[in-house]
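Engineer: Shown below is the structure under consideration.
Just so you know, all these numbers are worked out from the coordinates, no wet-lab data involved. These figures come from a predicted structure and were not determined experimentally. Cβ placement follows ideal geometry from the backbone for every residue including glycine, while neighbour counts extend to all protein chains displayed.
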Amino acid sequence: MREFWKKLKSIKLAITLIVILTVGSLLATLIPQGKAAEEYFKLYPKIVAELVVQSGLGRYFSSLLFFIPALAFFFNLGACTVDRLARELRKKQKRRHGPDILHIGLLVLIIGSLVSFSAREEGMVRLVPGESVELPAGEILRLIKFTDERYEDGRPKDWTSIVSLEKDGVVFKEDVPIRVNKPLRIGGITLYQNSYASTLGVAVASPDGKVVNLARGESFEDGDVRIFFMTTEMEASGAGEPLAVLRVKGGGLDGALRTGSAGISVAQFRVSAVQILSTGLQAVRDPGYPFVLIALILVGLGTTLTFAQKLKDLLKEEQA
């Protein structure tokens, strides 16, 4: 048992596991994660793609390649922590618990990392101004508008989604910005500004100049006129502009119609295909977040305490 305990807390074992985890993590940064198997066969030669798929490198942080060495390092570090803490507690004076707190922080960090990589959930939603989505806890997130800032040469500088949040019909947050480096946290969900894109929409213009924009799957109704935006398709030649495919009823029409940027008339309305900017928001639920936060506090506290004790000893030596 003593021999096993000695090997478990071995520094050589710790270094070996750190090297394994470092190499695996580096490979995971070079290999796109979470793709379907056929995607890797498109990206790499067959033998390399087979290795990536069969070994689990394509999903490294949720594979045994990560879990086994990470778990082994947890027990290794735990054994070192228990051993050192026991030795410090046996001392009658000059106890130094800074490294112990630091080690405990690292243990909690490993737990948080394992929880995050195994139970982390992600989702993606694309919205245009006025659209909304219901969050898991029942809140309604509505996109009010977005701002697109660019440098003088036209390169994108910043993209900000302005949203509101409501629950049970009551708005409890208004005009909240979500930026690339400034996510929005609601309960256990964090919303990130992920992307933006231009998608084909339908503009329904009335004689008084009022315009209603429709995204795919939405409909417009006015009196006996109903316009439903079904899907999009390219012109028959394949070289023209994209068309919006509509299901129209009313105004003497009943059936499927197609419209481009030039537009068509439906009763008193002018219906045309337009490009609509949409924003992409990524929702992340990370149950390991509290562990990581506690770990960072402990690591910071342990490092500060260790440094303070070392500084105190140095000052005593200089005074002696």
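Engineer: List the relative contact order of segment 43-192 as a percent without decimals, with contacts defined as Cα pairs under 8 Å and 6+ residues apart.
Structural biologist: In percent, rounded to a whole number, it is 11.
Engineer: If you place +1 on the Cβ of every Lys and Arg, -1 on the Cβ of every Asp and Glu, and leave all else neutral, what size is the dipole of the chain about its Cα centre, to the nearest 20 Debye?
Structural biologist: Magnitude of the dipole: close to 2380 debye.
Engineer: Alpha carbons only, please: Rg and Dmax for segment 91-193, in angstrom.
Structural biologist: Spelled out, the Cα radius of gyration and Dmax of segment 91-193 are 20.9, 68 Å.
Engineer: Just the Kirkwood number for segment 181-276, please: inverse of mean 1/r across all distinct Cα pairs, in Å, one decimal.
Structural biologist: Answer for segment 181-276: a Kirkwood hydrodynamic radius of 14.9 Å.
Engineer: If I build a Gaussian network model for the chain, linking alpha-carbon pairs within less than 10 angstrom, which residue out of A205, A273, A119 has the largest mean-square fluctuation?
Structural biologist: Taking springs between Cα atoms under 10 Å, the residue moving most is A205.
Engineer: Kindly provide the pair-distance distribution of segment 1-89 built from C-alpha pairs, with 5 Å bins from 0 and whole-percent values in order of increasing distance.
Structural biologist: Answer for segment 1-89: a P(r) of 3, 14, 20, 17, 12, 10, 9, 7, 5, 3, 1, 0 percent.
Engineer: Turning to a different aspect of this structure: Please go through segment 190-226 and write out the trypsin sites (Lys or Arg not before Pro) that DSSP classes as loop and that have at most 10 other C-beta atoms within 10 Å.
Structural biologist: Here the sparse-neighbourhood loop sites are K210.
Engineer: K42 versus D158, label points 7 Å from Cα toward the beta carbon: distance in nm?
Structural biologist: In this crude spin-label approximation the distance works out to 3.6 nm.
Engineer: Using alpha carbons only, how many angstrom separate the centre of segment 195-226 from the centre of segment 1-36?
Structural biologist: 55
Engineer: For a quick check of your reading of the filter: which trypsin sites (Lys or Arg not before Pro) in segment 60-161 sit in a DSSP loop and have no more than 10 other Cβ atoms within 10 Å?
Structural biologist: K91, K92, K94
Engineer: Right, here's the next one. Quick one, could you list the DSSP H helices from the chain stretching 24 Å or more along their long axis (Cα atoms) with average Kyte-Doolittle hydropathy of -1.0 or above?
Structural biologist: Length and hydropathy pass: 11-30, 64-90, 98-119, 289-319.
Engineer: May I pose another question? Please name whichever of V133, L65, I276 sits farthest to the positive end of the charge dipole of the chain, dipole taken about the Cα centre and charges placed at Cβ: Lys and Arg +1, Asp and Glu -1.
Structural biologist: L65
Engineer: Then there is this: With a Förster radius of 30 Å, plug the Cβ-Cβ distance of A205 and M234 into 1/(1 + (r/R0)^6) and report the FRET value to the nearest 0.05.
Structural biologist: It comes to 0.80.
Engineer: Here's another thing I want to ask about it. Find which of V170, F291, G250 sits farthest along the positive direction of the dipole of the chain, computed with +1 on the beta-carbon of Lys and Arg, -1 on that of Asp and Glu, about the Cα centre.
Structural biologist: Of the listed residues, the answer is F291.
Engineer: Expressed as a rounded percentage, what relative contact order does the chain have, with Cα pairs under 8 Å and six or more residues apart?
Structural biologist: 18
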